[in-house]
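We did not get these values from a lab; they are worked out from the coordinates using the rules stated. Just so we're clear, the structure is a prediction, and the values are computed from it rather than from any experiment. Here the Cβ is made from the backbone with ideal geometry for all residues, glycine too, and neighbour counts use every protein chain on show.
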Amino acid sequence: MTVLAVAEHRRGDLRDVSLELVTAGRELADELDTDLAVAVVGGDVDAFAGRLDREGVDTIYTVSEGEEFNHGVYTQAVEQLHADLDPTALLVPNSVNGLDYAPAVADDLGLSLVTDVVAFEGGDPIEVIREQYGGKVETTYDVEADQYVLTIRPAEWPAAEASGDATTEAFEADIDEAALGTTVNGFEEVAGGDVDITEADVLVSVGRGIEDEENIPLIEELADALGATLSSSRPIVDNGWLPQNRQVGQSGKVVTPDVYIAIGISGAVQHVAGMKGSDTIVAINTDPNAPIYDIADYGIVDDLFEVVPELIEQFGGEAPDL
């Protein structure tokens, strides 16, 4: 019996969710009183294995097949790993890639599947928690199957700490090239992807409190003064004031910056779901009862049009004329 977690990488970089997956995997392995194995498929597997050697990992399996994600390669490799290790639980990121192959693996192997898991609870059977109705309701599921697949929502667990104690083993997957059905020729960013807010260390995020598109440059000036990246809540994108790739939240992107500054954002559950994993959260809002203050580390209850120019001046910028 073991727990098997499958790491994720893109364009030569191990994604943050892989290290969060280690933490989630170790937590589940402790609940089941078993070992944690982590697998990485394709790319620079030796370099990835070095980064995956984290606290709580017992064994790392490397599968040297391809460079970028391929549905058929991942499905075959993971199914063969599953057959060899016979894990109780298979953990996969709840990402575009993870949701591509996890259902196929579950279907092929006849395994139970629970997607978008945000927490576990101990017991026999194990209980997993999902959110519904835009995060307004938490639902607990008893997983009574002997073996199952769980997809783990990014930013719900912290990244595992470095350790250096894991054993690394090469796993020789027998990939049937004729059965792949697809070939990966390269990777191309979608239109509008001028920045990746998920990679930012500091995010300055603006919400409906900015009132008008003409006021966006004020927040941009603060972001520039801080060396930060500009992001937003959904209403700003819906109004066409910023592009989709800047949106944080359940229908946007999940971010985990060192500092997240929420300006004129009330803190609806859909938005909070995308940024609550930030290390430090600063909120600026005139409403002292705004939900954003429930998760903020620091709060400024004041008019953003008074506060932001002062912050720009403090950080060496020059506020635009409004």
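Please work out how much length the chain gains when fully extended from Asp238 to Ile129, using 0.36 nm per residue of separation minus the C-alpha to C-alpha distance, in nm with one decimal. Walk me through the intermediate numbers first.
Working: separation 109, 0.36 × 109 = 39.24 nm, distance 3.01 nm.
Gain on stretching Asp238 to Ile129: 36.2 nm.
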**Sparsely packed GluC sites (Glu not before Pro) within region 66-156, loop by DSSP, other Cβ within 10 Å at most 14** = Glu67, Glu144
**Fill in**
Connecting every pair of Cα atoms under 10 Å apart in the chain and solving the GNM, the largest mean-square fluctuation among Phe305, Phe120, Phe187 falls on Phe187
**Request:** Would you please name the chymotrypsin sites (Phe, Trp or Tyr not before Pro) within region 121-156 that are DSSP coil residues with at most 15 other C-beta atoms within 10 Å of their C-beta?
**Result:** Tyr133
**Prompt:** When the helix-only estimate is applied to the chain (DSSP H runs of n ≥ 4, each -39,500 (n - 2.57), divided by the residue count), what is the mean residue ellipticity at 222 nm, nearest 500 deg cm²/dmol?
**Reply:** -7500 deg cm²/dmol
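Quick one: order Arg11, Arg26 by neighbouring beta-carbon count within 10 Å, fewest to most. Display every interim value, and only then the final one.
Working: Arg11 10, Arg26 22.
Least to most surrounded, the residues fall as Arg11, Arg26.
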**Complete:** So Thr182 and Asp165, fully extended at 0.36 nm per residue minus their Cα-Cα distance, gain in nm 2.4 nm
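Dipole of the chain, Cα-centred, from +1 at each Lys and Arg C-beta and -1 at each Asp and Glu C-beta, to the nearest 20 debye?
The dipole of the chain has a size of about 540 debye.
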**Complete:** Using alpha-carbon coordinates alone, the radius of gyration and Dmax of the chain in Å work out to 21.5, 65
**Asked** Given 0.36 nm per residue, what is the gain on full extension from Glu213 to Asp302 after removing their alpha carbon distance, in nm?
**Response** 30.0 nm
**Item:** Cβ-derived FRET efficiency at R0 35 Å, Gln80 paired with Glu144, nearest 0.05
**Value:** 0.85
**Request:** DSSP loop (so not H, G, I, E, B), at most 10 other Cβ within 10 Å: list which GluC sites (Glu not before Pro) in region 205-306 pass both filters.
**Result:** Glu211
**Item:** FRET efficiency, Arg51 to Ala104 (Cβ-Cβ, R0 30 Å, nearest 0.05)
**Value:** 0.65
**Request:** Could you give the size of the charge dipole of region 84-188 about its Cα centre, using +1 on the Cβ of each K and R and -1 on the Cβ of each D and E, expressed in debye and rounded to the nearest 20?
**Result:** 560
